[in-house]
1. Quick one: in the stretch 643-660, which of the residues that are surrounded by fewer than 17 Cβ atoms within 10 Å (Cβ to Cβ) and assigned to a strand (DSSP E or B) is modelled with the highest pLDDT?
2. For the stretch 694-734, which positions are among the charged types (D, E, K, R) and either part of a strand (DSSP E or B) or crowded, with 17+ Cβ neighbours inside 10 Å (or both)?
3. Looking at the structure I just gave you, is Asp785 modelled with pLDDT under 90 and either under 30 Å from Ile303 (Cα atoms) or charged (D, E, K, R) (or both)?
4. Asn695 - would you say it is at pLDDT 90 or above and polar (S, T, N, Q)?
5. Residue under question is Pro583, and the condition is that it be touching a helix residue (DSSP H, G or I) at 6+ places or on another chain (Cβ under 9 Å) and over 29 Å from Ala218 (Cα atoms); does it hold?
6. Which condition breaks for Leu415 when tested against (1) closer than 30 Å to Gln467 by Cβ; (2) among the aliphatic types (A, V, I, L, M); (3) at pLDDT 90 or above; (4) out of contact with any Ser or Thr (no Cβ under 7 Å at 6 or more places or on another chain)?
7. Filtering the stretch 271-285 down to residues that are crowded, with 16+ Cβ neighbours inside 10 Å and not small (Gly, Ala, Ser), which residue is farthest from Asp344 (Cα to Cα)?
8. State whether the residues of the stretch 604-620 include one that is in a strand (DSSP E or B), aliphatic (A, V, I, L, M) and touching a residue at least 60 places away in the same chain (Cβ under 8 Å).
Amino acid sequence: MHRIIVPLLLLTLSTIKGQVRQNQQNITISGKVIDAESGQPLEYATFVLQDADNPDKVTGGITDTSGEFSIETVPGKYNIRVEFLSFKTYSLNGQTYTSSTNLGSIRLEADVAQLEAVEVVGERTTVEVRLDKKIYNIGKDITTSGGNVSDALNNIPSVSVDVEGAISLRGNDNVRILINGKPSALAGFGSTDILQQLPADAIEKVEVITSPSARYDAEGTAGILNIVLKKEKTLGINGSVNTTVGVPFNARVTTNFNIRTEKFNIFNTLGYFHRESPGSGLNDNRYFSDASDFDRIIEDRDITRNDDGFNINIGMEYFLTDKSSVTGSFFYRWSDENDVTENDNQRFADGDLNSRTLRTEDQAQKENSRQFSLNYTNNINDEGHKLTADLQYSYDNEDGLTGIQENNTIPNNDLLALENIYDNQKQDDFLAQIDYVLPMGDAQFEAGYRGNFEKEVNDYQLDTLNQNTGQFETNYDLTNVFTYRENVNALYTQYGNKYGKFSVLLGLRLENTQMKGNVDANIDSEALQEIIGQDVDLNFDKNYLGLFPTVNLIFELSKTQNISVGYNRRINRPRGWFINPFPSRSSRTNVFQGNPDLDPAYANAYDIGYMKRWKKLTLTSSIYYQKETRSFEFIREETGQVTSDGIQIIRSLPINLSTNERIGAEAGVIYSPAKWWRLNSSFNFFTFTSDGEFNGVEYGTTNSSWFARLSSKFTLPAKIELQANSFYMGPRQTAQSDTKGMFSMNLAMSKDVFKDKATVSLNVSDVFNSRKRRSFTETPTFTSDSEFQWRKRQINLSFIYRFNQPKEKNNRRGPQEDGEEERQFEG
């Protein structure tokens, strides 16, 4: 009998043991790693699982983009360790697990003692891919030391800044600029002028949002650039002083000062600048009709600028509880600009010089802006349950006085015209916003409201000297007060979830836009129709209601590579100066005129991206397609009017064309062939097609263009760094104009001194003085050959001193940080 029982017992024990082994394969240890200070998830933190009885047996992994980890193992007794650069290691020893266990949220605290030992953090990969954005950390770009925000943006992949400071994304200039996630006086309410006044070293990171989710304003058919400013969060008192001097004369002083305790955080940035930026312009116009007394006119402009500015940004974050805080901040900016343009005007008849004039335009403009912001944040729990509310009021006032004098120099030397232009622009902007985030396991639900209410008043008066009486007389045909209001109310909701390696973010935004315009002018209706055309209503009240869906997907092929897909619908609302119908007076013969008949444009955009990380190389790439209806296009046409001395007047005018299609591809590479050498390059190619007609003229065109940039940085002994940035914008075309390619290069060198508490840097912007826009315009009645240079080659010497602030402290968590600023201001 025992011969039968023993084998049966052995078989049973073997079966049980096999069943135990099978069950052992099913146990999972999971959890989430977060920053103890901000409550935000830590991506790429290391989770180590060590067998307590056999320490040589180790398994583990890294956290995903949500800070989560999941490790399969067999039941047993384990030691747990969680590590992340510049954070204290979390350890838990001798834990027995017999079934799948979720450890919940593991909170890591910053290791302040290690901060000075992590200076290489800023050299790590500086690009992250999120479901709806790419994030670039630009704190280590020494070519922008002493420069402004526009200089820094020009080094961001997908972004280009033209010679006049206009910003475009993937070659499309309808890009929405946000500061800390909101429209702001710091960004000039849609104008980019202020970005040339703010220092580059105030930026922590730039978010390139080419497929915005529903939480963002639907404005901007190209997408959104969100500039996140530094807000120090380290305990104690710390700060920095940055001074710059340059040629042509340029002086800037910027200070950052921060105090952080357990109950509050005070942050402050203070800056002053004086800038002299010479520029130049050339227009060579040839006329083929009999309407003009001349067949060729050459305008040669020399521009001298003398600008001063001051700005302050101060705020305090007060921690009501461990979970909630209130942040209040105040921003003020003042500038005094004086620009003198001398225009040497040569006029030809039958190929011979007929007359010559010198036009001097002396423009003085004083501007002050202020902004008050209040934010309430409640991190309801550590899982991401969150409520935020924002109130913001901004006010901007510009006072301008422009004196224009034009004298004949050939054949006579006498006064031709003397004008004074008084221009006052006021803008009020009120914003109210509330955002709610509800996590539901792996899923997340969000909803919110935003109301943005703008009022812009442009008071314009033109006085002309009557040479017979010697008195100035007001020109009531052009003197006016134009008031423009834009009110936008929006509701949004979105849902995100992760299914294994597949992440999805679906959203829907409902926006109502009200555009109201009113003109107060003493001009008769016949003269007004000559200026703006027939059937154009200056006193308008328009309403537009639209739904804006968004879809963003990411599939993780592995921990180091993913594919993303995005779709969103966008709107392009015309700005106030696009609508103001009264022409500018920067030139008597070439004027800009707004169009009050403009309607918003709408676009559908699609994007497919791929990212791959290797040990020394990161590749990001995408292909994109966009179709925009009733898109804006600037055209040039004859007005049918001539000056008092017989010169044909040509105007530039924005109009709604029927369609605009853009398809393109871009790629970016960050490569470190050695510890001391780093390369960063990007390439963008796109094809642009538009069609439509205006005043019987067909403006359809097809154009292909591209731009590329390459940055090379070397870290040498003795703590010396060298960097070279080069940029090329390929030639492009519109329905009427051909623009030539443009190349520019920036060089820089820096050295750390005073035991790394200070850095000295020397940089040269536009080394070859080649950053010039050259274009040729051709119509049936005239051609125009032009060249324009906004700013000539600039050389800057900068010195920055840091107190209680290690050199790379702001980057201590590496480029993977999804910081509080980013979360707090989304919406």
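The values are calculated or read from the model by the stated rules, or taken from the named source; none is laboratory data. Keep in mind the model is a prediction, meaning the values are calculated, not measured. We place every Cβ from the backbone using ideal geometry, glycine too, and count neighbours over all the protein chains shown.
1. Restricting attention to the stretch 643-660, the residues satisfying the condition of being surrounded by fewer than 17 Cβ atoms within 10 Å (Cβ to Cβ) are 643-646, 652, 658-659.
Then keep just the ones that are assigned to a strand (DSSP E or B); that gives 652, 659.
On the way: Ser652: 79, Thr659: 84.
Only one residue fits best here, namely Thr659.
2. First pass over the stretch 694-734, keeping only residues among the charged types (D, E, K, R): 698, 709, 713, 719, 721, 732.
Those that are among the charged types (D, E, K, R) and either part of a strand (DSSP E or B) or crowded, with 17+ Cβ neighbours inside 10 Å (or both): Glu698, Arg709, Lys713, Glu721, Arg732.
3. Details: modelled with pLDDT under 90: no; either under 30 Å from Ile303 (Cα atoms) or charged (D, E, K, R) (or both): yes.
Considered against the rule, which asks whether it is modelled with pLDDT under 90 and either under 30 Å from Ile303 (Cα atoms) or charged (D, E, K, R) (or both), Asp785 comes out as no.
4. Details: at pLDDT 90 or above: no; polar (S, T, N, Q): yes.
It is false that Asn695 is at pLDDT 90 or above and polar (S, T, N, Q).
5. Working: touching a helix residue (DSSP H, G or I) at 6+ places or on another chain (Cβ under 9 Å): yes; over 29 Å from Ala218 (Cα atoms): yes.
Criteria met by Pro583.
6. With (1) closer than 30 Å to Gln467 by Cβ; (2) among the aliphatic types (A, V, I, L, M); (3) at pLDDT 90 or above; (4) out of contact with any Ser or Thr (no Cβ under 7 Å at 6 or more places or on another chain) applied to Leu415, the lone miss is (3).
7. For the stretch 271-285, the residue satisfying everything is Phe273.
8. Let us first name the residues in the stretch 604-620 that are in a strand (DSSP E or B), namely 604-613, 617-620.
Among the residues that remain, those that are also aliphatic (A, V, I, L, M) are: 605, 608, 611, 617, 619.
From the residues that got through so far, the ones that are touching a residue at least 60 places away in the same chain (Cβ under 8 Å) too are 605, 611.
Among the residues of the stretch 604-620, at least one is in a strand (DSSP E or B), aliphatic (A, V, I, L, M) and touching a residue at least 60 places away in the same chain (Cβ under 8 Å), which makes the answer yes.
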